[in-house]
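Visitor: Pasting in a structure now, in structure tokens, and then I'll have a few things to ask.
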Amino acid sequence: MLGFVNITEELSYQKKFGIPDEYFGIQYALKDTPLDFQYSASESVSNFQAVKVDNTGEIIEITSLSTSLITYANSMHTCTGIVNYSTALDCGVYYFLVNDKFQSDYFRILSSMTESAATNVNISISGLNFEDTDFGIPDIEKNGTPFIDFGIQYQRNITPLDFSYSADESVSSFVAKRLDNNYNVVETVTIETGLISYASGKHTCTGLANFVTALDCGVYYFLVNGHYQSDIFAVIDIDDDTVDCLELFGGGTLELFSTDCLEIFA
């Protein structure tokens, strides 16, 4: 049920300090069906609007809705969500505004939604986490997901991270998607499918074999068969010829012991 506040008496959820993200836990609605809500008030409904906002919360469109969608009884305003709008809303982020002062939480309009099957559980078995995007949404695409880089794994530029996940098809394509700082895809790198084995309903990459061509440094995710998507990870360049040296700021290198460690004496 969608939350409401009287903005003449308190701040809306979107304007409160310390919230993790305005889109955190956002609810979804179909383009022609309102989310249900109920709030206490002692006045009749004179106007009902759907307010569309951009990524910064600025109003970009206001759509007037039929006040008959809201019923009033026993000091409660109620929308059951059973009756559709007369005109469908465009996709985007909105909030409801009633009588110019009763404001809802944000919600997102989708053109269509597909109910997932009860068997759609986490497909990952071990290693780098994977999601089947045909049935689930990866963390990187979820609205309000905080700290996408938190706990990010690192891999060498020539060796993939290991992973194993459940799947019922053989491997036909394997790519690495490189992202910019805004998590937009800027490059797609084709990887050898032979790095992934398929047996007994599992896709497995041991991480023991190297790429034919090293990846550039950056942030990536793997995508197998166009819909098995991994968590993001960072690629770092490790030059085997210099791993036993520590580069100094003033130039030159400091040779390390055979253990590849720098010993500091107390």
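Please treat every number below as a calculation from the coordinates, not as lab data. Remember, predicted model here, so these are calculated numbers, not experimental data. Backbone-built Cβ (ideal geometry, glycine too); neighbour counts: all protein chains shown.
Visitor: With label points built 7 Å along Cα→Cβ from the Cα atoms of S66 and S46, find their separation and express it in nm.
Guide: 2.2 nm
Visitor: Could you give the nm distance between label points at R108 and A88, where each point is 7 Å from its Cα heading toward the beta carbon?
Guide: That separation, rounded to one decimal, is 1.8 nm.
Visitor: For the range 4-110, go through all pairs of different Cα atoms, get the mean of 1/r, take its inverse, and jot down that Kirkwood value in Å. Walk me through the intermediate numbers first.
Guide: Numbers: mean 1/r = 0.0704 Å⁻¹.
Mean inverse Cα-Cα distance, inverted, gives 14.2 Å.
Visitor: List the residues whose amide H sits under 5 Å from the amide H of E192, counting only those 5 or more places along or on another chain, with H placed 1.01 Å from N in the peptide plane.
Guide: Amide H neighbours of E192, under 5 Å, 5+ apart: V212.
Visitor: For E187, which sequence-distant residues (separation of 5 or more, or a different chain) have an amide H within less than 5 Å of its own amide H, given hydrogens modelled in the peptide plane?
Guide: When sequence neighbours closer than 5 places are left aside, the close amide H contacts are R178.
Visitor: Let me ask something additional. Viscosity 1.306 mPa s, temperature 10 °C: what is the translational diffusion coefficient of the range 124-236 from Stokes-Einstein with a Kirkwood Rh over Cα pairs, rounded to a whole number of µm²/s?
Guide: The calculation lands on 112 µm²/s.
Visitor: Calculate, for D36 and Y154, the FRET efficiency according to 1/(1 + (r/R0)^6) with r their C-beta to C-beta distance and R0 45 Å; round to the nearest 0.05.
Guide: 0.50
Visitor: So, by mean Cβ neighbours within 10 angstrom, what's the order for 219-226, 194-201 with the highest one leading?
Guide: My ranking of the peptides, most packed first, is 219-226, 194-201.
Visitor: Now for a different question. Sequence-distant or interchain residues sharing an amide H contact under 5 Å with A41, placed H: which?
Guide: Hits under the 5 Å cutoff: M76, H77.
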